[in-house]
Structure formats: C-alpha cells, structure tokens
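Visitor: The structure's right below; bear with me while I get my questions together.
The values are calculated or read from the model by the stated rules, or taken from the named source; none is laboratory data. These numbers come from a predicted model, not from an experiment. Positions of Cβ are backbone-derived with ideal geometry, glycine not excepted, and every protein chain shown enters the neighbour counts.
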Amino acid sequence: MKELNIAYIGGGSMAWARNLMNDLVIEEELFGTVRLYDIDYKAALKNEKIGNLYNNSKGAVTTWNYMAANTIEEALEGADFVIISILPGTFDDMEQDVHYPQRYGIYQSVGDTTGPGGIMRSVRAIPMYEIIARKIKEICPEAYIISYTNPMTVLIKTIYEVFPEARAFGCCHEVFGTQRLIACMLENLGVAEKVSRRDIGTNVLGINHFTWVDKIDYKGIDVFSEFMKFARDYHESGFCENGNWNDTYFSSGHRVMFDLFLQYGIVAAAGDRHLAEFCPGWYLKNPETAAYWQFSLTPVSWRKADRMERMEKTNRLYSGLEAPVISETGEEGVRLIKALCGLGNVKSNVNTINKGQHKGLPTGAVVETNAWFSDEGIRPANAGRLPYDVESLVLRHVYNQNQLVRACLDRNEDGVLGVFLNDPLVHLPKGDAVKLFKEMFRMNEVFWNRGEHNENI
C-alpha cells in the first residue's frame, strides 16, 4: 500500500470533495491524510467529520484521515498531491456572468468557459490561482496539481505561467460523456448487451469544452463509421440516452454534436451546452434557437437551489442523521493518482501544456489530449492535428485564452477588453460591447487585488 498526503484547496466542497472521499476509500492500494483548506473554515471542519465517516461506510476498504487546515500553508506542507476545486467568487457573481449579458441580447448556456461569463469568471479566478500556484511553488514544488475548476484551460495556463516547473493538469469529464454516448450507441446496435465507457478508445484533440475526437474504437475495433451512421440517423430527431432532452438542464439531444460532425467529419466531444458557446452564431442566438437544437440554457437560479440541497445534505451527514453511501462516481482522479504512484499505467484525456503532442496549436498553450500516467510522470500521447477548418475555429479561442491569462496576470484591463471584443459570443456593435464590458468589469474589479475564492464547489 502507498501512503499519501493530499492537500485539498476548496476543502469545504460539497461536490468534488465528496467524489474524492468516495473514490479514495474504495481504493485498497492507497491510504493517508487529506488536509482540507477553505476560506470558509467551518465548511472544511464539516468535511473533516464527513470524510472520516466514509471510513466506516459499507464498501470501504481503506482508511483516510481528514483534517481541516487553518491556513493554505498548513494544508500544503508535505503534500504529494494538491487538488483544487473552488468557485471563483459566489453564485451571485456567476448570476451576473450568465444573465447580465442578456440585457444586450447575449445568451449563454453555461457561462463558465468562454463568452462574457467565462471571461469575467477568469478575471476573478486567475488572481486566485496565481496566489495558489505561488504557495505550491514555495511549499511543495514536487507535488502533482490536479485542477477541477473552470475555466480550466486558462487556470492551468496560469499555474504554468507562475510556476513553469509545475506538474499540473486539469481533469474534465466531458469526453467521458461522449464515450458514454458511444457506448449507448453500440448497445443499440447490438454490438454488446452492456458496454462500459472505459472500453471506448478515443483520440482526443482541441481545448477544454471545445474538444474533438478523430478516432473511436471499442476494445480495439474501429467503430468510427458506426458513429457516422448514428449522427446521420439522429441529426434531425436528436438522441438522448435518458429519455427527453429537456428533462434536466444537463441533458441534450446531441444535435449540435451531430451537426458539427456532419459539417467537419470529426466528433465534437463535449456536451452541446458547452459546444454551442464556441459557435454561438449557429446554435445560440436566443433560447428558441437552443430549444431547436435540443439543449438548455442553465439558469444560475438552479445552481443556487442545488447548492441549498447540498448544504442540507451536508448538515444531515454532519449531524449523523444520514450516513455516507459509497457509489460509482465515474471520475478518473484517483485512478490517475494511483498510476502516478506507480500502481499501474492509465491512459486518459487531460488538460496540460502543449509540448508538441498537438500539431497545429501553439507550443505552450494548454490543450486537451490523451496522456499516459505512470510512476515516470505524465507523458502526453501524440494527438495529431485537427482538420484545418476545425483548427481555425479552435485557434481563435486558444489565442484569446493565452491573451486573457497574460492580461489578468499583468492586471491589464485593456488587454481583457481586447479578448472580450474578439469573443464570438459578443456579437454586438463595438460601442455596445465596450459598454457591456465596462459594466461587467466594474462588478469584478475588486477580485484583481483580493485574490480570494469565496465559495467551494
């Protein structure tokens, strides 16, 4: 067994931290200590108790010691791994990100990666990650850094700008959703009665939430042509694994994915809500357009209500009225940690610096590709190159992201404005776009100097 020290930044988390607690306690080859740091110390204390309760859950095979840390320095001391999952600001801030631009006719289906919402979230988050990266560089420079926070690409880029020798990567489950869709497709075709998404091999290219797949196999057998037929069959009607596309804000009919595939001959491997924001003129003119393409605009009011439910569950767990239940999370984080400890080799999609594994995109940009994880570290797999027409779509966002990181680190408001004006979601006359930017920027300017995260996720 391997003993680990894990620092968790955003340690009062009621989502990602619970997934970690669940996945750690069922991994029989690992044990150790998790130090939980959160600016809401009371939230970290609650997770200290809840995390330790997981050790007694049915199905637990190992023991972890959870400890709330008073300071980030205390959490990072001696850490082998640092996990970061924070909400940059509050849900009130996110509500402004997503819904304020609607006054100008700009609609966002998620609002956390690109567009006005993603840019303003970056304005808040990049200074926070700048502080965290400096602390890691100072206290535990050899630790692996796993980030779950959006906007993922610019935050991983921030870590490397501050700490070039960092061993950082971002984990995103959007590609997993595409693999689950392909598994469902194969079940419908009668290839197998039950197909695991982990048996679906994909060659991943692009950037986070605008990710692409140009090869698909099932247990080594090429099934790309099956997806081609699948996309043609369901392009008009849509296909939803769980029934109706509008049952939840996170479901869709995958019509955006199918349409992009039929246009470019390559699979857009993220949820339609994310994909639409990168090509808004086609899919996101207004709520009616979104409904036509069978995806939803996720209101922040839902996120606030969901947070209240999570808080109620937290209180029940903390008070002993409810016991933790171990379940399948579908996340990869613990598998990757295990591989990096020398307990097997794992291939997975990851967001990290382009060292040449992704042709056609700038070296030093953060890209999403496959990589091998082992005790030798993270070795990016050769991804190849996107088709030129897709590459041109992606490059616009890559250059925007690189410029956004540099502008935020330099506290250059004009540089952020340039990114704002160049974003495809900002389809406004220049005067209106500048006015919207200044209004939204003033709401977030305080974060440039403070650099703290307000809530956990």
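Visitor: Given the condition in a loop (DSSP other than H, G, I, E, B), touching a Pro at 6+ places or on another chain (Cβ under 9 Å) and among the small types (Gly, Ala, Ser), answer yes or no: does some residue in segment 110-125 qualify? Don't jump to the end; show me each part of the working.
Guide: Applying the first criterion (in a loop (DSSP other than H, G, I, E, B)) to segment 110-125 yields 110-114.
Cutting the leftovers down to touching a Pro at 6+ places or on another chain (Cβ under 9 Å) gives us 111-114.
Cutting the leftovers down to among the small types (Gly, Ala, Ser) gives us 111.
Yes: one or more hits.
Visitor: Take segment 370-387 and flag every residue that is on the phi < 0 side of the Ramachandran plot, touching a residue at least 24 places away in the same chain (Cβ under 8 Å), surrounded by fewer than 16 Cβ atoms within 10 Å (Cβ to Cβ) and not in a loop (DSSP other than H, G, I, E, B).
Guide: The one that is on the phi < 0 side of the Ramachandran plot, touching a residue at least 24 places away in the same chain (Cβ under 8 Å), surrounded by fewer than 16 Cβ atoms within 10 Å (Cβ to Cβ) and not in a loop (DSSP other than H, G, I, E, B): ARG385.
Visitor: Something else now. Condition (residue is buried (at least 20 other Cβ atoms within 10 Å of the Cβ), closer than 19 Å to THR153 by Cα and in contact (Cβ under 8 Å) with a residue 12 or more places away in the chain) applied to segment 317-331: is it met by at least one residue?
Guide: No, segment 317-331 contains no residue that is buried (at least 20 other Cβ atoms within 10 Å of the Cβ), closer than 19 Å to THR153 by Cα and in contact (Cβ under 8 Å) with a residue 12 or more places away in the chain.
The rows are residues; the columns are (1) acidic (Asp, Glu); (2) out of contact with any helix residue (DSSP H, G or I) (no Cβ under 9 Å at 6 or more places or on another chain); (3) farther than 30 Å from GLY118 by Cα.
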site: GLY59; (1), (2), (3): no, no, yes
site: THR63; (1), (2), (3): no, no, yes
site: LEU76; (1), (2), (3): no, no, no
site: ASP80; (1), (2), (3): yes, no, yes
site: SER85; (1), (2), (3): no, no, no
site: GLY89; (1), (2), (3): no, no, no
site: ASP97; (1), (2), (3): yes, no, no
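Visitor: Please work out which residue is farthest from SER252 (Cα to Cα), limiting yourself to segment 89-102 and to residues that are in contact (Cβ under 8 Å) with a residue 40 or more places away in the chain, of a type outside the set (Asp, Glu) and surrounded by fewer than 22 Cβ atoms within 10 Å (Cβ to Cβ).
Guide: First, the residues of segment 89-102 that are in contact (Cβ under 8 Å) with a residue 40 or more places away in the chain: 89-91, 93-101.
From what is left, the residues that are of a type outside the set (Asp, Glu) are 89-91, 94, 96, 98-101.
After this cut, where a residue has to be surrounded by fewer than 22 Cβ atoms within 10 Å (Cβ to Cβ) as well, the list is 90-91, 96, 99-100.
Numbers: THR90: 27, PHE91: 24, GLN96: 25, HIS99: 21, TYR100: 24 Å.
Once the filter is applied, the top-ranked residue is THR90.
Visitor: I would also like to ask the following. Mind listing whichever residues of segment 200-213 are more than 19 Å from the chain's Cα centre (by Cα) and either modelled with pLDDT under 95 or surrounded by 20 or more Cβ atoms within 10 Å (Cβ to Cβ) (or both)? First the steps, then the outcome.
Guide: Initially, segment 200-213 is screened for residues more than 19 Å from the chain's Cα centre (by Cα), giving 200-201.
Selection gives ILE200 alone.
Visitor: Also: Whether any residue in segment 400-410 is of a type in the set (A, V, I, L, M) and under 20 Å from the mean Cα position of the chain (by Cα) is what I want to check. Steps first, please.
Guide: Quick first cut of segment 400-410, residues of a type in the set (A, V, I, L, M) only: 404-405, 407, 409.
Restricting the remaining residues to those that are under 20 Å from the mean Cα position of the chain (by Cα) gives 404-405.
The answer is yes, given that some residue of segment 400-410 is of a type in the set (A, V, I, L, M) and under 20 Å from the mean Cα position of the chain (by Cα).
Visitor: From the list VAL325, VAL334, VAL367, VAL350, pick out the single residue that is in a helix (DSSP H, G or I) and either within 28 Å of ALA15 (Cβ to Cβ) or touching a Leu at 6+ places or on another chain (Cβ under 9 Å) (or both). Explain how you work it out, then say what you get.
Guide: On the way: VAL325 fails: in a helix (DSSP H, G or I); VAL367 fails: in a helix (DSSP H, G or I); VAL350 fails: in a helix (DSSP H, G or I).
Every option except VAL334 fails the conditions.
Visitor: I've got another one for you. Can you name the condition, by its number, that GLU187 falls short on among (1) outside any loop (DSSP other than H, G, I, E, B); (2) over 30 Å from LYS135 (Cβ atoms); (3) in contact (Cβ under 8 Å) with a residue 12 or more places away in the chain?
Guide: (3)
Visitor: Separate question: Identify, by number, the condition in (1) farther than 20 Å from GLY342 by Cα; (2) in contact with a Gly (Cβ under 9 Å, 6 or more places away or on another chain); (3) in a helix (DSSP H, G or I) that LYS49 doesn't meet.
Guide: Going through the list (1) farther than 20 Å from GLY342 by Cα; (2) in contact with a Gly (Cβ under 9 Å, 6 or more places away or on another chain); (3) in a helix (DSSP H, G or I), LYS49 breaks only (2).
Visitor: List the number of the failed condition for PHE230; all other conditions in (1) over 23 Å from the mean Cα position of the chain (by Cα); (2) surrounded by fewer than 22 Cβ atoms within 10 Å (Cβ to Cβ); (3) in contact (Cβ under 8 Å) with a residue 12 or more places away in the chain; (4) not in a loop (DSSP other than H, G, I, E, B) hold.
Guide: Unmet condition: (2).
Visitor: Here's something else I'd like to know. Give me the pairs, please: first residue somewhere in segment 150-175 and within 21 Å of ALA7 (Cβ to Cβ) and touching a residue at least 12 places away in the same chain (Cβ under 8 Å), second residue anywhere and of a type in the set (Lys, Arg) and crowded, with 24+ Cβ neighbours inside 10 Å, beta-carbon distance under 9 Å, and either six or more positions apart or on two chains.
Guide: Partner pairs satisfying both residue conditions: ASN150/ARG121.
Visitor: Which count do you get for residues in segment 137-156 that are in a helix (DSSP H, G or I) and in contact with a helix residue (DSSP H, G or I) (Cβ under 6 Å, 6 or more places away or on another chain)?
Guide: The total comes to 4.
Visitor: Considering only segment 157-179, how many residues are within 17 Å of the chain's Cα centre (by Cα) and either more than 21 Å from SER85 (Cβ to Cβ) or part of a loop (DSSP other than H, G, I, E, B) (or both)? If you could, list the steps in order and put the result at the bottom.
Guide: Keep residues of segment 157-179 that are within 17 Å of the chain's Cα centre (by Cα), which gives 157-159, 168-179.
Cutting the leftovers down to either more than 21 Å from SER85 (Cβ to Cβ) or part of a loop (DSSP other than H, G, I, E, B) (or both) gives us 171-173, 178-179.
Number satisfying all stated conditions: 5.
Visitor: Take GLY344 and tell me if it is part of a loop (DSSP other than H, G, I, E, B), surrounded by fewer than 17 Cβ atoms within 10 Å (Cβ to Cβ) and either at pLDDT 95 or above or among the basic types (Lys, Arg) (or both). Can you show your working first?
Guide: Numbers: part of a loop (DSSP other than H, G, I, E, B): yes; surrounded by fewer than 17 Cβ atoms within 10 Å (Cβ to Cβ): yes; either at pLDDT 95 or above or among the basic types (Lys, Arg) (or both): no.
No; evaluated as a whole, the condition is false for this residue.
Visitor: So if I check each of TYR66, TYR129, which one is among the hydroxyl-bearing types (Ser, Thr, Tyr), more than 18 Å from ARG307 (Cβ to Cβ) and outside any strand (DSSP E or B)?
Guide: Details: TYR66 fails: outside any strand (DSSP E or B).
Result: TYR129 is the single residue among TYR66, TYR129 that is among the hydroxyl-bearing types (Ser, Thr, Tyr), more than 18 Å from ARG307 (Cβ to Cβ) and outside any strand (DSSP E or B).
Visitor: State all residues of segment 69-109 that are over 19 Å from ILE156 (Cα atoms), assigned to a loop (DSSP other than H, G, I, E, B) and of a type in the set (D, E, K, R); if no residue qualifies, say none.
Guide: Of everything in segment 69-109, just one residue is over 19 Å from ILE156 (Cα atoms), assigned to a loop (DSSP other than H, G, I, E, B) and of a type in the set (D, E, K, R), namely GLU77.
Visitor: For segment 264-313, name all the residues that are of a type in the set (Asp, Glu) and surrounded by 13 or more Cβ atoms within 10 Å (Cβ to Cβ).
Guide: Quick first cut of segment 264-313, residues of a type in the set (Asp, Glu) only: 272, 277, 288, 306, 309, 312.
If the condition is that a residue be of a type in the set (Asp, Glu) and surrounded by 13 or more Cβ atoms within 10 Å (Cβ to Cβ), then ASP272, GLU277, ASP306 are the ones that fit.
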